[in-house]
Amino acid sequence: MTDPSRACCSEYAALTRRGLFQGAALAGATTVFGSAVVTAAAASPTEADAVLVVLSLRGAADGLSLVVPHSDPVYYQARPQIAVPAERLLARDATFGLHPELAPMLPLWDAGRLAAVHGTGLPAPNRSHFAAMEELEDADPGSTTRRGWLNRLIGADGQESPLQGFNLGGGVLPTSLYGDDPVLSATDVASVGIAGDDEWDPKDLRRKSLHTLWDPTTGPLGGAMRSMFKAIDEFAPVKATANNRSRYPQGDLGAAMASAARVVRGNVGVTVVTVDHGDWDMHSDLGTLEWGGMRSNAAELASAVAAFFTDLGDQADKVTLVALSEFGRRVAQNANYGLDHGYGNAMFVAGAGVKGGRYYGTMPPLTGDVDSDVPVTTDYRSVLAEVVTTRFGASSAAVFPGFQPEQVGVMTSL
Amino acid sequence: MVGGGVASAVALPGSSEGVTYRPARWRGARLLSAADRHLAGRFAAGVTPALTAEVRAAGGGRAWFERQLAPGRIKDGQADQLGAWWPSLRLGPAELWRRQVQEIEFGWQVMESYQRWLLLRRIRTKRQVQETMTDFWLNHLNVPANGDATFTWRFDYDRRIRARALGSFRDILYAAVTHPAMGIYLDNAVSTKRHPNENLGRELLELHTVGRGAYTEEDVKNSARILTGWGVDMWRTWAAGYSADDHWVGRVKVMGFNHPNAHPDGRQVTRDYLTYLARHPATAQRIARRLATKFVRDQPPRALVDRLARVYLDNDTQIRPVLRSLVQSSAFRDSRGAKVRDPIEDVVATYRALGVRLHRPPANDDNHATRAVLWQCHGVGADPHGWPRPDGQPLDNESWATPARMLASMDVHWAMSGSWWPKVGITYRRHRDWLPRREIRLDVLVDHLSQQLLGTRSTARLLQACCDVTGLRPRTLITAEHDLVRWNFHRLLSTILDSPAHLTR
């Protein structure tokens, strides 16, 4: 990073549509350049005061297994084989308890840094995975443009840096991050870089060549290239962080959370990180405490989250993590030790600003018919709105247009 | 100009460190004129030497385009044979559902097969304009290809739209709106006279035809009532059929459409209503604007949109006359390089440019190139027909011009230029086979490669970039034994693929 050609002023120019429409004289000089607006952003990335990690449990995780309503006899009647026995639950209160495989997260819970909110979900049931994910993450029903709530959140501050949002998964963005504000998307820290700009190219010929090709190019692609050069340079501190992957569980989630921790520790202005954890669609073999998909997924989830907060070190006190799923599963088990698509679910909130060590939300007595759902008593947006208003000082109306959040109480006020 | 605008203005020799970059000339096969390359580039998935020869043999761009408008007369064996590569695409909805329930093959896997089939078709087909227009209509009338219940009917949906892609919008609209895949996706399959579900009735007006502002909420209700009856036996046999019992009967009025709708069999009123909508001037404007945005430029000139809309209406919604008018317009002529390739177009064009051969996948094929190509699209930022909303993937440039996309595109170009990934089920050209003769100067080689990969002559800028990346001078002599060919040829190929000319169409 010592080559002066890498600090060329053109790399600090970002061309964006938002800049054009929103008059972006915020971060420095603005000039009209052809049909686009060039905004010279600050020369160094802004450190983020608060970071939000959104962990999506893809496939519709069963909230009744993760956060068990042990005081409701219907739960046990409806799940004769797969219910979690009350005496095995962790962090039990009069109503709820945590799945025993969540034990690695228990220290966070006991320290008041982890909470669960039950009976959360969409305002109306939607049992199609893809359609529900779209609705949940767009979180702006009726809008004609596709822009997710996290993109609206990072768009609220007028900054254009693509480093503000990071999708750890690579490629196609989750709907939550999709929108006008550019973000990064990569499978891991190492892959944030120009292919071929590596140790086999000590003279930086690859970069030089790309500058030759692209520097005079106007229009959106030229702007994207300049923004890309700038972003990967600013990302360098992340690459310099220690990789503590070995302290995380095996598997994709551990790898992603280890990368997420590096992104946060690098302190380059990343405000929002999205991480996916798959394989929660347990129509069969959700299983028991001895075997099955729930046992292993819950263990992986808990140990990855616990390792993440440990790994964050002195950055941990600015990071809030939300884990949620597109919908919940039925109250009653099916004939295959599994559960079909349902409705209400549990959300986890951990880290900075969380009033943890307790359960939020309400769950009326369940019914155990074949089609019975967990009712939604808290719109999921109320939980998210509380996080973004308390941690980011964002306006709930800007992030969740047209929505009136209800008080959940899971976050300490700003 | 999106890319290349300035590059073409700098056709003059550049210089760096005392070296002059003057593009050399390789006398290869005849290229297309700039206008013909522009036309072929917009309506085909990449101008390869084979396509160049095809256009020339047809007698030039316009003649080629005219032939392409009659796809039935074009032999397409290479693409047709792909149908046998993914056997589950031949299965009906009931069988597909049985396989999902019995966990033999999940819906998302069937849709992956469909997406792979689509990508390989785009790479191979000789009916490029039909393929491009099929993609256009499937996007305009989007039913996402994913693991939701629509997977049971989604391939059949493609077949029906494909067969009409160059016909009339009237037919396309009727085929789409009455299709079970659309009915399942936008809830018309469960709409009844007691509870008309407004989802499809609304999107039909808002997205598929007239657009916002042309109708009222009362129109939406009537739109939904008209469409009741097109049922699907969901979660059981998935059989589709018209159910007169579910059809809402009584007078309906949507904008200027007024119908007694007196019969329980509402198929004719559906037909009349959709014909009315297809012929509506607001629909003509909407279709014309989308075509112009896709094939001419973002924010197309109003005069062009008006002209295309008029041609559309004068020809009873026939698409061929509209396309002819579009490619003959001065706005089209003046739009060279003005459109960004989206992630899928980029990946497909890269396969075509590198002239790789893909082989039939075995049953268990996790790392096979015919699967990897799908991951590559995902990595660059879009899944083929995976856009999860009814409005379809964006047609504009900005959506695909992001820093993350640039990085991901360069990743794909790099890995394929080096023949590194995908590795299985694919045959790359050997690097030394890119040399057109035993010994060649680098500047002449760059011109040859530009012709092969981009279908156009090299520029001073491209030559300079190729010299930069290889650390060689333009007049360096290259042979198969040169280090460039033995160790670094991927640097040269990827530089050409990373250029503005490859990332635009």
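The values are calculated or read from the model by the stated rules, or taken from the named source; none is laboratory data. Worth saying up front: this structure is predicted, and the values here are computed from it rather than measured. Don't worry about glycine lacking a Cβ; one is built from the backbone with ideal geometry, like all the others, and counts go over all protein chains shown. Quick note on the areas: whole protein, heavy atoms, side chains included, nothing else; ligands and nucleic acids left out. Shrake-Rupley method; radii C 1.70, N 1.55, O 1.52, S 1.80 Å.
To the nearest whole number, what is the average tally of beta carbon atoms from other chains within 10 Å of the beta carbons of peptide B:497-503? All intermediate terms of the calculation are to be shown ahead of the outcome.
Values: counts 0, 9, 5, 9, 1, 0, 5.
Mean partner-chain Cβ count within 10 Å for B:497-503: 4.
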Between A:Asp371 and A:Asp285, what's the calculated FRET efficiency when r is the beta-carbon distance and R0 is 22 Å? Round to 0.05. 0.55
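Across every pair of different alpha-carbon atoms, what Kirkwood hydrodynamic radius in Å does chain B reach? Don't skip to the answer; put the middle values down first.
Details: mean 1/r = 0.0410 Å⁻¹.
After inverting the pairwise mean of 1/r, the radius is 24.4 Å.
In this model, which of A:Lys208/B:Lys339; B:Lys221/B:Lys253; A:Lys318/A:Lys355; A:Lys208/A:Lys230 are farther than 20 Å apart at the alpha-carbon?
Details: A:Lys208/B:Lys339 26 Å; B:Lys221/B:Lys253 10 Å; A:Lys318/A:Lys355 14 Å; A:Lys208/A:Lys230 14 Å.
With Cα atoms farther than 20 Å apart: A:Lys208/B:Lys339.
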For the range A:157-177 and the range A:107-122, what is the separation of their C-alpha centers, rounded to whole Å? 26 Å
So, R0 is 56 Å and r is the distance between the beta-carbons of A:Gln250 and B:Asn258; what FRET efficiency does that work out to, to 0.05? 0.25
What nm value, rounded to one decimal, do you get for the distance between B:Thr237 and B:Arg194 when each label is placed 7 Å out toward the C-beta? 2.2 nm
In chain A, what is the volume of the convex hull around the alpha carbon atoms, normalised per residue and reported in Å³? 139 Å³
Exposure ranking of A:Thr187, B:Thr476 by accessible area [1.4 Å probe, largest first]: A:Thr187, B:Thr476
Rg and Dmax of the range B:173-296, Cα atoms, in Å? 14.3, 47
Under a plain spin-label model, where a point goes 7 Å from the Cα along Cα-to-Cβ, how far apart in nm are B:Gln328 and A:Ala236? 5.8 nm
Descending accessible area (1.4 Å probe), largest on the left, turns B:Asp334, B:Asp135, A:Asp215 into B:Asp334, A:Asp215, B:Asp135
What number does the range B:14-70 give for Rg over Rh if you use C-alpha atoms and the Kirkwood radius? 1.19
By how many degrees, 0 to 90 and rounded to 10, does the Cα axis of helix B:107-124 deviate from the longest principal axis of chain B? 50 degrees
Answer in debye to the nearest 20: the dipole magnitude of chain A about its Cα centre, from +1 Lys/Arg and -1 Asp/Glu charges placed on Cβ, is 560 debye
Can you give me the angle between helix A:219-234 and the longest principal axis of chain A, using Cα atoms only, in degrees from 0 to 90, rounded to the nearest 10? 70 degrees
Need one word for the range A:68-124: rounded, prolate or oblate. Basis is the Cα gyration tensor (sqrt eigenvalues a ≥ b ≥ c); a/c below 1.5 gives rounded, then a/b vs b/c decides. oblate
Quick one: how many Å² of A:Lys355 are accessible to a 1.4 Å probe, rounded to 10? 90 Å²
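Please compute the length gained on full extension between B:Ser88 and B:Asp365, using 0.36 nm multiplied by the number of residues separating them and subtracting their Cα-Cα distance.
Details: separation 277, 0.36 × 277 = 99.72 nm, distance 1.50 nm.
That pair, B:Ser88 and B:Asp365, stretches by 98.2 nm at full extension.
Determine Rg/Rh for the range B:59-146; Rg is computed over alpha-carbon atoms and Rh is the Kirkwood hydrodynamic estimate from the same atoms. Intermediate values should be presented prior to the final figure.
Working: Rg = 15.8 Å, Rh = 14.8 Å.
Taking Rg over the Kirkwood Rh, I get 1.07.
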Cα-based Rg of the protein assembly as shown normalised by 2.2 N^0.38 Å, two decimals: 0.96
Please compute the per residue accessible area over the range B:68-278 with all protein chains in place, 1.4 Å probe, rounded to a whole number of Å². 38 Å²
Is the shape of the range B:68-278 best called rounded, prolate or oblate, per the rule: a/c under 1.5 gives rounded, else a/b larger than b/c gives prolate, else oblate, with a ≥ b ≥ c the square roots of the Cα gyration tensor eigenvalues? oblate
Backbone HN-Hα couplings from phi across the range B:281-298 [Karplus 6.51/-1.76/1.60, Hz, Gly and Pro as x]: x, 5, 5, 4, 4, 5, 5, 4, 5, 5, 4, 5, 5, 6, 10, 10, 6, 5
In whole Å, what are the extents of the range B:127-213 along the principal axes defined by its C-alpha atoms, from largest to smallest? 45, 33, 18
To the nearest 10 square angstrom, what accessible area does B:Arg124 show with a 1.4 Å probe? 50 Å²
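Hey, with R₀ at 51 Å, roughly what FRET efficiency would A:Ala156 and B:Asp265 work out to, going by the Cβ-Cβ distance, to 0.05? Walk me through the numbers before you get to the answer.
Values: r = 53 Å, r/R0 = 1.04.
Working from the Cβ atoms, E equals 0.45.
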In peptide B:381-389, what is the residue-averaged number of other protein chain Cβ atoms found within 10 Å of each Cβ? 4
Counting DSSP beta bridges in chain A, what percent are antiparallel, to the nearest 5? 50 percent
Tell me, what is the percent relative contact order of chain A, built from C-alpha pairs under 8 Å that lie six or more residues apart? 27 percent
Output the direction-averaged projected area (hull surface divided by four) of the convex hull of the alpha-carbon atoms of the range A:296-412, in nm². 8.9 nm²
Under Stokes-Einstein, the range A:40-158 at 25 °C and 0.890 mPa s, with its Kirkwood radius over C-alpha pairs, diffuses with a coefficient in µm²/s of 138 µm²/s
With everything on Cα atoms, drop me the angle between helix A:205-214 and the longest principal axis of chain A, reported from 0 to 90° to the nearest 10. 80 degrees
Using alpha carbons only, how many angstrom separate the centre of the range B:167-204 from the centre of the range B:45-119? 25 Å
Mean residue ellipticity (222 nm) of chain B, computed from DSSP H runs ≥ 4 via -39,500 (n - 2.57), nearest 500: -14500 deg cm²/dmol
Separation between Cα centres of the range B:213-245 and the range A:280-311, rounded to whole Å: 42 Å
Can you bin every Cα-Cα distance in the range B:452-500 into 5 Å intervals starting at zero and give me the percent of pairs per bin, rounded to whole numbers? 5, 19, 32, 27, 14, 3, 0
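What fraction of the DSSP beta bridges in the protein assembly as shown is antiparallel, stated in percent and rounded to the nearest 5?
Of the beta bridges lying entirely in the protein assembly as shown, close to 60 percent run antiparallel.
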If exposed means chymotrypsin sites (Phe, Trp or Tyr not before Pro) lying in a DSSP loop and surrounded by at most 14 other beta carbons within 10 Å, then the longest stretch of chain A lacking such sites spans residues A:1-199
Let me know the volume per residue of the alpha-carbon convex hull for the range A:215-259, in Å³. 82 Å³
Solvent-accessible surface (1.4 angstrom probe) belonging to A:Ser303, in square angstrom, nearest 10: 40 Å²
Residues of type aspartates and glutamates that B:Lys126 reaches as a straight line, Cα spacing below 12 Å, ignoring anything fewer than 8 places off in the same chain: B:Glu54, B:Asp76, B:Asp80
I need the phi-derived Karplus couplings for the range A:168-178: 6.51 cos²θ - 1.76 cosθ + 1.60, θ = phi - 60°, integer Hz, Gly and Pro marked x. 7, x, x, x, 3, 6, x, 4, 4, 9, 5
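Relative contact order for the range B:68-278: what percent, with Cα pairs under 8 Å and sequence separation of 6 or more?
Working: 315 pairs, mean separation 34.2, N = 211.
Once divided by the residue count of the range B:68-278, the mean separation gives 16 percent.
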